[in-house]
Ligand code: FEO
């Protein structure tokens, strides 16, 4: 069964969203590096690389379905934040936004009875649950510890192990 044009376009849009996510996290990594928070910078660098892998998964799927891949322009990410908590809150909100995008793709595939795309998207549904949990739990930890310099120091050390 051929992939519909609307589904192909929606997945091409998602490839851009994944690269945009990668850039957002790369900018966050640079922000932390500049602040001397190497653990947080490292965590965000890993996240950047994961987002590139997400984009590559969608690209591979379109290749597999014989669809033309449109390599997107990447939006310029935000560069400055109030503090580490602000960065992780932004990342958490961003992951919730990405989840809503993935769910829309699932809705679209389901309406089209496109079972192959639904099966491919299952991985992303699971991944989004993990990504929301990862970012959300860092926000919770910083808030629990009082979001002062000591809290940031502890969490920075912990995130170096990712
Ligand atoms: Fe590719 Fe963080 O979602």
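Got at least one residue in the range 102-109 being under 26 Å from residue 158 (Cα atoms) and either within 11 Å of the ligand (Cβ to nearest atom) or in contact (Cβ under 8 Å) with a residue 12 or more places away in the chain (or both)? Write out each step before concluding.
Filtering the range 102-109 down to residues under 26 Å from residue 158 (Cα atoms) leaves none.
Scanning the range 102-109 turns up no residue that is under 26 Å from residue 158 (Cα atoms) and either within 11 Å of the ligand (Cβ to nearest atom) or in contact (Cβ under 8 Å) with a residue 12 or more places away in the chain (or both).
Here residue 140 clears all of (1) more than 12 Å from the ligand (Cβ to nearest atom); (2) loosely packed, with under 15 Cβ neighbours inside 10 Å; (3) under 18 Å from residue 61 (Cβ atoms) except the condition numbered (3). Across the range 51-72, the qualifying residues are those that are within 22 Å of residue 27 (Cβ to Cβ) and at pLDDT below 95, and the one among them that is surrounded by the most Cβ atoms within 10 Å (Cβ to Cβ) is 72. In the range 53-64, the residues that are over 16 Å from residue 6 (Cα atoms) reach residues that are within 9 Å of the ligand (Cβ to nearest atom) with C-beta atoms within less than 7 angstrom, at least six apart or across chains, in these pairs: 54/18; 55/18; 55/22.
Does residue 27 satisfy being out of contact with any helix residue (DSSP H, G or I) (no Cβ under 7 Å at 6 or more places or on another chain), modelled with pLDDT of 95 or more and surrounded by 16 or more Cβ atoms within 10 Å (Cβ to Cβ)? In short, yes.
Kindly indicate whether residue 80 is loosely packed, with under 12 Cβ neighbours inside 10 Å and assigned to a helix (DSSP H, G or I). It is false that residue 80 is loosely packed, with under 12 Cβ neighbours inside 10 Å and assigned to a helix (DSSP H, G or I).
The values are calculated or read from the model by the stated rules, or taken from the named source; none is laboratory data. Just so we're clear, the structure is a prediction, and the values are computed from it rather than from any experiment. So basically every Cβ, Gly included, is an ideal-geometry build from the backbone, and we count neighbours across all protein chains shown.
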